[in-house]
Amino acid sequence: MKALRDVFGETLVALGKTNPNILVLDADLANSTKADKFAVEHPDKFLEMGIAEQNFVGVAVGLASLGFVPWLSSFTVFFTHRAVDPIRMLVAQTHANVKIGAAYAGLLTGLTGKTHQDVEDLAIMRAMPGMTVLAPADEFEGEAMIRWATEFAGPVYLRLARDASPPVFDSDYAFTPGKTYHLREGYDLLLISTGPQSVRCVEAAERLAEQGISAGVLHVPSIKPVKTEEIVTACEPVPIIFTVEEHNVFGGLGGLVAEILAEHLPKLMIRFGIEDRWGESAPNDFLLDQFQLSGPRLSERIVNRLRVAKS
Amino acid sequence: MSVKTDYKELEVLAQRGRWLVISTVAGSGAGHVGGPLSAMDLMVALYFRVMDVRPQEPQWPERDRFILSKGHSAIGQYTVMALRGYLPVEELKTFDKGRSRLQGHPDVTKLPGLETSTGSLGQGLSVGLGFALGGRLRGQKFHTFILIGDGELQEGMIWEALHIAPRYKLGNLTAILDWNGLQQFGWLLAPGEKHRGDRRDPWAGVDLKTIFEKLGWRVLEIDGHDYSQIVPALDAAKKFGDSDQPTIIVAHTIKGKGVQITEGKFEWHSKVATKEELYAVAAELGVEEVGV
Ligand SMILES: Cc1ncc(C[n+]2csc(CCOP(=O)(O)OP(=O)(O)O)c2C)c(N)n1
Ligand SMILES: [Mg+2]
């Protein structure tokens, strides 16, 4: 079980050996994002840009125009909030070949608290025309996405959780943009999730199975683009859908699925996530419990919700 | 305003503060150490000698304002505030643990006595500028102090504030630069390069003093660990409150100051002391009750 940030650093190190165009630009967080591994292996291709996120986005755009493939290393919040204007105008609107390695995504940011917990990034990045938005669940998917993004010509936003979660894929995993993945089949309900939250959904589904409830889990690693028909097909057989995300319930995965179902398959859909409030500094277990996103809390909530739906 | 020239009391407080920082971070399993320690003497001087504040009445309208713009050093500020009586020292143990008033970065919605929230670097000076401007417009006499980091100084927003403050002639605004020569990751030292830290000084070879002066600031340069320089400089800045020029105090400091294993080491930016390290630090700082 490997943390996504280690995967980030190690995959870039490997790619740096074969792809002469890769550069890593860091905004003084390389020892957190693990881009420092790249700094050690490829010191001449590692550019420390200091604590100046807007500037380094602009610099990356300039480098990309010369055929380089710049990977940016910072925390999610400093991209989608501090540097959102250059990301929007310079990267997205010019379709620049810039890769945004957004580390410490979501709620679990190592006790740093609400200033560092980005619960709005999917909504912001998804609303940007031309942006690819990816959220890997585990180390295998993370590595595949980094490799894919490096080859892809255009801007990519990669949402990377800080800590490790038990893998749901293996080294045979192949990434296809837009594709969704059935992590578990079920006929009473479907859980739709993204990033490492999908792993916690599988845990919830296992708990539900013990109570005689058959829950499927659909993992949506590609928030944009997304294959609409795959989501519709997955939702068709079940009477109720739950979206679950480490993100505000507004505008993220829940928003995405709601948009699709409203147009193609109107049916009961419940959004689980962060209910429009800010996070706080606390250990991961505490936060997952507090925001009811852990496997046990999710299964309880679902049982309660099904009871309401029945009555 | 300070009249005392005996700084022993402040040194003792800072030593206690340093222990509380490193032991609290160890107890919570995460947090920053180097930055809080480099700023400890500056914050002790502000809270104990220079600022007019009422810990029992934190919203007192005439209070001097302080913003820790380098918000990752929050545990340093909480510690000094606890020693000053804003909160029980015992409460430091709740740091980062969930449902605490002591968040990883200062949260104005949680702890009375804080003036704004910080944590995303580079934003405190702008808010302080607003305090100072508002104080002028309201005819209030309080002074505003903003502590910024030397790594933080790379953020463009600080330069936006540095540009505009002299234009509004804000003598009631004082920025303090904690120039400890290290940030979180930074740059490697060149072979043979000498420095008080183990990575390159982010502003090596840059004449910041002259740059600030040319932008219109009054610049005072001090050793940020010598109270006989810190207190008079802060006092002087406050006395300039009615003048037509903001002040910036360039404080030369050492990251991780006051604890052998942390001084000048970039990795101690954010690091948790082991039990063995804590015992060694306790012995070094003369702490009897280790309680780890
Ligand atoms: C906008 C922003 N970018 C990055 C960070 C992550 N970060 C926290 S502290 C730090 C280094 C700060 O260095 P400095 O200002 O010199 O502080 P000190 O040395 O006093 O700890 C970084 C990069 C942040 N909190 N905010
Ligand atoms: Mg510094």
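Within region B:246-262, can you find the residues that are open to solvent by 60 Å² or more (accessible area, probe 1.4 Å) and in contact (Cβ under 8 Å) with a residue 40 or more places away in the chain?
B:252, the sole residue that qualifies.
For residue A:202, work out the one condition from (1) under 19 Å from residue A:136 (Cα atoms); (2) open to solvent by 10 Å² or more (accessible area, probe 1.4 Å); (3) part of a strand (DSSP E or B) it doesn't fulfil.
(3)
Would you tally the residues in region A:34-79 being within 14 Å of ligand 1 (Cβ to nearest atom), surrounded by fewer than 24 Cβ atoms within 10 Å (Cβ to Cβ) and more than 22 Å from residue B:190 (Cβ to Cβ)?
Residues in region A:34-79 being within 14 Å of ligand 1 (Cβ to nearest atom), surrounded by fewer than 24 Cβ atoms within 10 Å (Cβ to Cβ) and more than 22 Å from residue B:190 (Cβ to Cβ): 2 in total.
Going by the structure shown, is residue B:76 within 13 Å of ligand 1 (Cβ to nearest atom) and more than 14 Å from chain A (Cβ to nearest Cβ)?
Yes: the conditions hold for residue B:76.
What are the residues in region B:1-45 that are away from ligand 2 (no atom under 16 Å from the Cβ), open to solvent by less than 10 Å² (accessible area, probe 1.4 Å) and β-branched (Val, Ile, Thr), if any?
B:22, B:25, B:44
Which residue, of B:171, B:192, B:224, B:151, is more than 14 Å from chain A (Cβ to nearest Cβ) and within 13 Å of ligand 1 (Cβ to nearest atom)?
None of the other options fit; the residue is B:224.
Can you tell me how many residues within region B:151-179 are open to solvent by 10 Å² or more (accessible area, probe 1.4 Å) and within 13 Å of ligand 2 (Cβ to nearest atom)?
Total meeting the criteria: 2.
Are there any helices (runs of 4 or more DSSP H) wholly within region A:216-311 with 2 or more residues that are within 14 Å of another protein chain (Cβ to nearest Cβ), and if so which?
Qualifying helices (runs of 4 or more DSSP H): A:284-290.
Does region B:93-116 contain at least one residue that is over 16 Å from the mean Cα position of the chain (by Cα), away from chain A (no Cβ under 14 Å), buried (at least 21 other Cβ atoms within 10 Å of the Cβ) and not polar (S, T, N, Q)?
no
Can you run down the residue pairs with Cβ atoms below 6 Å, 6 or more apart or on separate chains, where the first is in region B:192-205 and in contact (Cβ under 8 Å) with a residue 60 or more places away in the chain and the partner is open to solvent by 70 Å² or more (accessible area, probe 1.4 Å)?
From residues that are in contact (Cβ under 8 Å) with a residue 60 or more places away in the chain, the pairs are B:198/B:265.
Kindly evaluate residue A:74 against the criterion of being without any contact (Cβ under 8 Å) to a residue 40 or more places away in the chain and assigned by TED's automatic domain parsing to the domain that holds residue A:107.
Criteria not met by residue A:74.
Can you tell me which residue is nearest to the chain's Cα centre (by Cα) among those in region B:243-257 that are within 16 Å of ligand 1 (Cβ to nearest atom) and assigned to a strand (DSSP E or B)?
B:251
The values are calculated or read from the model by the stated rules, or taken from the named source; none is laboratory data. All values reported here derive from a predicted model rather than from experimental measurement. Counting neighbours? That spans all protein chains shown, and the Cβs are built from the backbone with ideal geometry, glycine included. For the accessible areas, the whole protein counts, side chains as well, though only heavy atoms, and no ligand, DNA or RNA atoms are used. Shrake-Rupley method; radii C 1.70, N 1.55, O 1.52, S 1.80 Å.
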